[in-house]
1. Out of the range 39-77, which residues are part of a loop (DSSP other than H, G, I, E, B), among the aliphatic types (A, V, I, L, M) and surrounded by 18 or more Cβ atoms within 10 Å (Cβ to Cβ)?
2. So if I check each of Ala90, Ala17, which one is among the aliphatic types (A, V, I, L, M), under 13 Å from the mean Cα position of the chain (by Cα) and loosely packed, with under 14 Cβ neighbours inside 10 Å?
3. Among the residues of the range 9-19, is there at least one that is at pLDDT 95 or above, in contact with a strand residue (DSSP E or B) (Cβ under 7 Å, 6 or more places away or on another chain) and of a type in the set (Ser, Thr, Tyr)?
4. Can you confirm whether Ala143 is closer than 30 Å to Thr24 by Cβ, assigned to a helix (DSSP H, G or I) and over 14 Å from the mean Cα position of the chain (by Cα)?
5. Looking at Ser138, Ser149 in this structure, which one is surrounded by fewer than 17 Cβ atoms within 10 Å (Cβ to Cβ) and either touching a Ser or Thr at 6+ places or on another chain (Cβ under 6 Å) or of a type in the set (S, T, N, Q) (or both)?
6. Would the range 114-127 turn up any residue that is at pLDDT 95 or above, assigned to a helix (DSSP H, G or I), in contact with a Leu (Cβ under 9 Å, 6 or more places away or on another chain) and of a type in the set (Val, Ile, Thr)?
7. Does the range 60-79 contain any residue that is among the polar types (S, T, N, Q) and in contact (Cβ under 8 Å) with a residue 60 or more places away in the chain?
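The values are calculated or read from the model by the stated rules, or taken from the named source; none is laboratory data. Because the structure is a prediction, the values reported are computed rather than measured. Every residue, glycine among them, receives a Cβ derived from its backbone with ideal geometry; neighbour counts consider all protein chains shown.
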Amino acid sequence: MGYGLIDSDGRKADYIASGCLKVTGSSLPDKLGLIFREITELLDAYRPGQIAIENVFMHRNADSALKLGQARGAAICAAVNLALPVAEYAPREVKLAVVGKGGADKAQVQHMVRVLLNLKETPQADAADALAIALCHSYQQEALDRVASASGMSGGRLR
């Protein structure tokens with residue numbers, strides 16, 4: 001499971017951190033508990049204002065989709081437990097926002113994340129996906145902030 005943190009005003013994004021959780025354990029409940037604890041530790045360490053997560057998509061393996069959904073649930077519970085707002089995005093929507101093509105492959109996402117965040121090295125695929133979700137969310141949030149400011153409400157920087 002990848003994670004990525006950025007600081008963004010919707011127009012410019014600065015890289016904060018990224019990586020992959022090593023999910024080990026003998027049983028599914030142990031693995032889900034580990035995800036919950038690890039995400040909670042990351043949220044405590046970095047104090048983001050909100051999180052974004054990818055929606056589950058159904059491909060060929062229903063069992064994998066179910067396990068992914070449970071892992072997402074553990075991560076979402078960690079955020080909600082800390083009263084953080086959670087946004088969800090479809091994989092196609094993330095790829096479209098970051099690459100400009102909803103059917104982009106992992107290498108294209110990794111490349112664009114590296115370019116957009118001015119990274120020296122290409123992030124691992126799961127970390128790049130997480131950073132792409134963060135970028136997609138920042139673009140969506142900036143668009144919502146523009147609409148809000150046009151109607152007299154104020155927006156703000158997100159992290």
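1. The answer is Val56, and nothing else.
2. Checking each option against the conditions leaves just Ala17.
3. Checked the range 9-19: at least one residue is at pLDDT 95 or above, in contact with a strand residue (DSSP E or B) (Cβ under 7 Å, 6 or more places away or on another chain) and of a type in the set (Ser, Thr, Tyr).
4. No, not satisfied.
5. Among Ser138, Ser149, only Ser149 is surrounded by fewer than 17 Cβ atoms within 10 Å (Cβ to Cβ) and either touching a Ser or Thr at 6+ places or on another chain (Cβ under 6 Å) or of a type in the set (S, T, N, Q) (or both).
6. no
7. No: zero hits.
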